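Following: one structure in structure tokens, then a few remarks.
The values are calculated or read from the model by the stated rules, or taken from the named source; none is laboratory data. These numbers were taken from a predicted model, which means no experiment stands behind them. Note that we place each Cβ from the backbone using ideal geometry, even for glycine, and neighbour counts take in every protein chain shown. Areas reflect the complete protein model, heavy atoms only, side chains present, ligands, DNA and RNA absent. Shrake-Rupley method; radii C 1.70, N 1.55, O 1.52, S 1.80 Å.
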Amino acid sequence: SRWEEKKKEDGVKWMQLEHRGPYFVPLYEPLPEDVQFYYDGKPLKLSLATEEIATFYAKMLDHEYTTKEIFQNNFFHDWRKEMTSEEQEIIKDLDKCDFREIHKYFVDKNEARKALSKEEKQKLKEEADKIQEEYGYCILDGHREKIGNFKTEPPGLFRGRGEHPKMGMLKKRIMPEDVIINCSRDSKIPEPPEGHKWKEVRFDNTVTWLASWTENVQNTLKYIMLNPSSKLKGEKDWEKYEVARRLKGVVHTIRAQYRKDWKSKDIKKRQRAVALYFIDKLALRAGNEKEEGETADTVGCCSLRVEHIQLHPQLDGQEHVVEFDFLGKDSIRYYNKVSVEKPVFKNLQLFMKNKDPADDLFDQLTTNFLNKHLQHLMDGLTAKVFRTYNASITLQEQLKALTNPEDNVAGKLLSYNRANRAVAILCNHQRSVPKTFARSMQVLQEKIDAKKKQVEEAQEEVKKAEDEFEDTQDAKAEANVEKKKKLLKRLEEQLAKLNVQATDKEENKQIALGTSKLNYLDPRISVAWCKKFGIPIEKIYNKTQREKFAWAIDMAGEDFEF
């Protein structure tokens, strides 16, 4: 198996890497003459660069982003920078800009694309496949491997998550001159598009990326990487879960140590021990220090402030309750009321003493200090490993507790989703209720009602057939009874399946199951569960996920234990 080929020396990721470089998104096509931008009620012909940026905003008119003041201000500021001096003289107020005709043009274009004939759609698909074939694969150590995102991001307006302070800023077009290529020295070096050159070509086999550039809004590096199904990514994934499994062997010692440190004379050690308890018990992220004003006001465990927690000696019949309320990663609100052990509660009272709401709760603690300590406890240990370990162990325990071997496939899948949901809740993976939720729930309910009616009619039919058999006692009537009973049984199974679907949908409407499934749960737990209970793996993982977890499907037998 390709998962078991011999390992390379430390730090070396590949010996041979050859690829075509990134696929650059096509250049801007100007709007047709009859589609106009209006300023202060009058049509205004824009220069090409200004018009392109106007289309970014126009496409988003029906999105709530364009109603947000910060988005509007950032957009207008960046747009004006790209205008000609003549345009800057005229366009001074966003409220006087009318993008509606441009918006309608793109809505119509979208509808037209949806209405294409089967043949036309097939033609477009073939064109996309041709690009995928040419740019979407590389040769890595003799294997033809799929590349993940081989296209550069198109220019547009930055959205960000939560209330991001940079939303609305202009994401510029990536040019070959921005791109660093990475490949092996002896490979055919990719050609830049005609008339252009690469920023740099490197031959660095200690990294796994094929190309990189710096994105202008957040100044972060973007990479073209291998597809998750590739051998390199699979190995990395496998190693991640093996580190989390190693934690299983030492977690009891670590817990005993941090409990001891709650009573330490050194306040720094005490703060570290309480933070570690939160990371372990609540799967909180460590939280890195960020530049002031750079990103939204989000925090993790080490950067919690006094205002983010409230202490209740008693609440809702529980003792020593800590009420958390803060914005975590991606500006997702973390709200939780947790009963903690008494020494933790006492320590928190001590840490909050004589502090203002905006002061740091763990003022003696840095993420760096915590991570050094974790590294000392176990090689490779970070706060994220705790999340992975607690998520995986929770899934395994929940599956054992919830799966009923007597259930049918639909019933077992409901148990699986409930176990997955317990993990998503632990990791605070929320989503807003999908816009289409009410409608799709209504459609499902209509299906259930229709199926109930069919079941009732089938019950009548069975009764009729039984009466007829009683009267005639002949073989034909008896066969008819059996036929009607079979139909009734099939309809009842279909109804049960629809009811399970409705329950599942309702319970999942605000929980994002995908994040933990893809990033925190050892896939071997799910694969083993499927094999043990005869559930087809495609009921749990879609095609892309099955490719990503090919290593786990290959390795795990039904008795795998995390």
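Within the stretch 68-98, track down each residue that is part of a loop (DSSP other than H, G, I, E, B) and either exposed (fewer than 14 other Cβ atoms within 10 Å of the Cβ) or without any contact (Cβ under 8 Å) to a residue 60 or more places away in the chain (or both).
Answer for the stretch 68-98, where residues must be part of a loop (DSSP other than H, G, I, E, B) and either exposed (fewer than 14 other Cβ atoms within 10 Å of the Cβ) or without any contact (Cβ under 8 Å) to a residue 60 or more places away in the chain (or both): M83, T84, I91, K92, D93.
Starting from residues that are in contact with a helix residue (DSSP H, G or I) (Cβ under 7 Å, 6 or more places away or on another chain) and surrounded by fewer than 17 Cβ atoms within 10 Å (Cβ to Cβ), keep the ones in the stretch 284-295 and report whichever is modelled with the highest pLDDT. Talk me through it step by step, then tell me what you get.
Looking only at the stretch 284-295, we keep the residues that are in contact with a helix residue (DSSP H, G or I) (Cβ under 7 Å, 6 or more places away or on another chain), and these are 284-289.
Filter once more, so that each one left must be surrounded by fewer than 17 Cβ atoms within 10 Å (Cβ to Cβ): 288-289.
Values: N288: 65, E289: 52.
Top of the filtered list is N288.
Which one of I174, I181 is in a loop (DSSP other than H, G, I, E, B), of a type outside the set (D, E) and open to solvent by less than 50 Å² (accessible area, probe 1.4 Å)?
Numbers: I181 fails: in a loop (DSSP other than H, G, I, E, B).
Going through I174, I181 in turn, just one is in a loop (DSSP other than H, G, I, E, B), of a type outside the set (D, E) and open to solvent by less than 50 Å² (accessible area, probe 1.4 Å): I174.
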> Out of all the residues in the stretch 30-49, which are more than 16 Å from N110 (Cα to Cα) and part of a loop (DSSP other than H, G, I, E, B)?
Replying inline: P30, E33, D34, Q36, F37, D40, G41, L44, K45, L46, S47
>> Quick test of your reading of the structure: V25 fulfils all but one of (1) surrounded by 18 or more Cβ atoms within 10 Å (Cβ to Cβ); (2) of a type in the set (V, I, T); (3) under 30 Å from W209 (Cα atoms). Name the failing condition by number.
In response: (1)
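Please find, among I147, I181, I139, the residue that is within 24 Å of K13 (Cβ to Cβ), within 22 Å of the chain's Cα centre (by Cα) and of a type in the set (A, V, I, L, M).
Numbers: I181 fails: within 22 Å of the chain's Cα centre (by Cα); I139 fails: within 22 Å of the chain's Cα centre (by Cα).
None of the other options fit; the residue is I147.
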> When you go through K384, K346 one by one, which is the residue that is modelled with pLDDT of 90 or more and either part of a loop (DSSP other than H, G, I, E, B) or open to solvent by 40 Å² or more (accessible area, probe 1.4 Å) (or both)?
Replying inline: K346
>> Quick check on the stretch 108-131: of everything there that is open to solvent by 60 Å² or more (accessible area, probe 1.4 Å) and farther than 30 Å from P22 by Cβ, which residue is nearest to the chain's Cα centre (by Cα)?
In response: E111
> Could you give every pair whose Cβ atoms fall below 6 Å, whose first residue belongs to the stretch 131-159 and is under 20 Å from I181 (Cβ atoms) and touching a residue at least 40 places away in the same chain (Cβ under 8 Å), and whose second residue is charged (D, E, K, R) and open to solvent by less than 50 Å² (accessible area, probe 1.4 Å), counting only separations of at least 6 or pairs across chains?
Replying inline: C138/E145
> Looking only at the stretch 320-335, which residues are touching a Phe, Trp or Tyr at 6+ places or on another chain (Cβ under 9 Å) and closer than 13 Å to C301 by Cβ?
Replying inline: V322, F324, F326, G328, Y334
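Name the one entry in E52, E111, E101 that is in contact (Cβ under 8 Å) with a residue 24 or more places away in the chain, farther than 19 Å from G168 by Cβ and assigned to a helix (DSSP H, G or I).
On the way: E52 fails: farther than 19 Å from G168 by Cβ; E111 fails: in contact (Cβ under 8 Å) with a residue 24 or more places away in the chain.
Every option except E101 fails the conditions.
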>> So Y65 passes all but one of these: (1) open to solvent by less than 40 Å² (accessible area, probe 1.4 Å); (2) not in a helix (DSSP H, G or I). Which condition number does it fail?
In response: (2)
> Which helices (runs of 4 or more DSSP H) does the stretch 465-562 wholly contain that include 2 or more residues that are open to solvent by less than 20 Å² (accessible area, probe 1.4 Å)?
Replying inline: 475-507, 523-533, 550-555
>> Just to be sure before I move on: is V322 in a helix (DSSP H, G or I) and modelled with pLDDT of 90 or more in the structure I sent?
In response: no
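Within the stretch 190-208, how many residues are more than 15 Å from R20 (Cβ to Cβ) and either open to solvent by less than 70 Å² (accessible area, probe 1.4 Å) or of a type outside the set (F, W, Y) (or both)? Give the derivation first.
Keep residues of the stretch 190-208 that are more than 15 Å from R20 (Cβ to Cβ), which gives 195, 197, 199-200, 202-208.
If we keep only those that are either open to solvent by less than 70 Å² (accessible area, probe 1.4 Å) or of a type outside the set (F, W, Y) (or both) as well, we get 195, 197, 199-200, 202, 204-208.
Residues flagged as more than 15 Å from R20 (Cβ to Cβ) and either open to solvent by less than 70 Å² (accessible area, probe 1.4 Å) or of a type outside the set (F, W, Y) (or both) within the stretch 190-208 amount to 10.
Is there a residue being in contact with an Asp or Glu (Cβ under 6 Å, 6 or more places away or on another chain) and under 27 Å from A422 (Cα atoms) anywhere in the stretch 263-278?
From the stretch 263-278, those in contact with an Asp or Glu (Cβ under 6 Å, 6 or more places away or on another chain) are 269, 273; that's our starting set.
Applying the additional criterion that residues be under 27 Å from A422 (Cα atoms) yields 273.
Yes, that holds for at least one residue.
Residue-wise test of (1) buried (at least 17 other Cβ atoms within 10 Å of the Cβ); (2) outside any loop (DSSP other than H, G, I, E, B); (3) assigned by the TED database to the domain that holds E319; (4) modelled with pLDDT of 90 or more.
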residue	(1), (2), (3), (4)
F362	yes, no, yes, yes
L374	yes, yes, yes, yes
E397	no, yes, no, yes
Y416	yes, yes, no, yes
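From the list F106, F56, which one is touching a Gly at 6+ places or on another chain (Cβ under 6 Å) and not β-branched (V, I, T)? Spell out the reasoning first.
Details: F106 fails: touching a Gly at 6+ places or on another chain (Cβ under 6 Å).
None of the others qualify; the one that does is F56.
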